[in-house]
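Worksheet for the structure shown next.
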Amino acid sequence: MLTADISLSRARHKRRNEKLRRRKRNAEILRRHLEAGGTHVSKREKIRIDKANLQLKLAEGVKFCFDCAFESEMSAKEQSKFAQQLCRAYGANKKATTSLSLHLVNYDSSGLLAECCRKKCSGFLNYQIGFHAGPPTEVFKSERIVYLSPDATDALLDIDSESVYVAGGLVDENLLKGKSLDTAAKLGVPAVRLPIQEFAPPDWCPQNKIKSCALPLNTVVEIFLVFLQHRDWRKTFEQCLPLRFRNQRTVDTSALPNTPHPPQP
């Protein structure tokens, strides 16, 4: 029996590795085609290559999870907005040169939130993301999980490829003060906030700067993608923060710390 289990495990591992090799091979074919000056790719070929690239992102990208545990506390309007933000986040990741491995945790495939996603997101069932019924601590190693919360004391100064980042699936209208912070405590994982207070753009309103800033989920994903590209928080926020968070007043940025530039691997 033990020998059979070992053989089955090896077979699964071999299949996973073969799939990963195919995805890399497809991505390399497209890269060489474009570098050689090729411009035309058939629609069928483009679909195949796009799917392979998304599968590669899912397998190798920085892990980013949307926590669907708050479904029961969301109105129909908020569930609809969550679905719209998930669509935009998926689209941003699809187009980005950097990669996030997107996952839904505490996901109920028969729930109202899932139904809303199927209605609002074209091709949702074919999304190249992870669907997990359990909490993040059952899907990933607890010591690698970091929960994003606008109410956290500690700031996220760098994005680590080995960490798993979890964002509470509460849309920006549903500001349940401290909810994501409480969730992190119950899971026994650290909570961090985006370092907006430390690296605010020059036109960031001083009043907004000291508030806990709950951003749309797709904006958080875009912030991750841009930071992974530039490794510069100030540049990232200047590019990604919604215009509604800006005004004509300026803040003194001379006392703000410079963006840390972690050594490149």
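Which count do you get for residues in the range 41-84 that are part of a strand (DSSP E or B) and among the aliphatic types (A, V, I, L, M)?
Of the residues in the range 41-84, 1 are part of a strand (DSSP E or B) and among the aliphatic types (A, V, I, L, M).
Answer yes or no: is there a residue in the range 56-67 that is touching a Lys or Arg at 6+ places or on another chain (Cβ under 6 Å), surrounded by fewer than 20 Cβ atoms within 10 Å (Cβ to Cβ) and not assigned by TED's automatic domain parsing to the domain that holds G134.
no
Rundown of residues vs (1) farther than 24 Å from K51 by Cα; (2) crowded, with 16+ Cβ neighbours inside 10 Å, yes/no style:
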{"position": "K120", "(1), (2)": "no, yes"}
{"position": "L125", "(1), (2)": "no, no"}
{"position": "K141", "(1), (2)": "yes, no"}
{"position": "A152", "(1), (2)": "yes, yes"}
{"position": "G169", "(1), (2)": "yes, yes"}
{"position": "K186", "(1), (2)": "yes, no"}
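Select from the range 203-220 the residues that are more than 12 Å from L241 (Cβ to Cβ) and modelled with pLDDT under 90 and write down the one among them that is surrounded by the most Cβ atoms within 10 Å (Cβ to Cβ).
The residue in question is A214.
Can you list residue pairs whose Cβ atoms sit under 7 Å apart, with the first residue in the range 79-100 being over 12 Å from V221 (Cβ atoms) and the second being of a type in the set (G, A, S) and surrounded by 22 or more Cβ atoms within 10 Å (Cβ to Cβ)? Count only pairs 6 or more apart in sequence or on different chains.
F82/G169
Within the range 106-125, which residues are part of a helix (DSSP H, G or I) and either among the basic types (K, R) or touching a helix residue (DSSP H, G or I) at 6+ places or on another chain (Cβ under 8 Å) (or both)?
Of everything in the range 106-125, those that are part of a helix (DSSP H, G or I) and either among the basic types (K, R) or touching a helix residue (DSSP H, G or I) at 6+ places or on another chain (Cβ under 8 Å) (or both) turn out to be L112, L113, C116, C117, R118, K119, K120, F124, L125.
The values are calculated or read from the model by the stated rules, or taken from the named source; none is laboratory data. The model shown is predicted, which means the values in this text are computed figures rather than measured ones. Every residue, glycine as well, gets a Cβ built from its backbone with ideal geometry; the counts of neighbours run over all protein chains shown.
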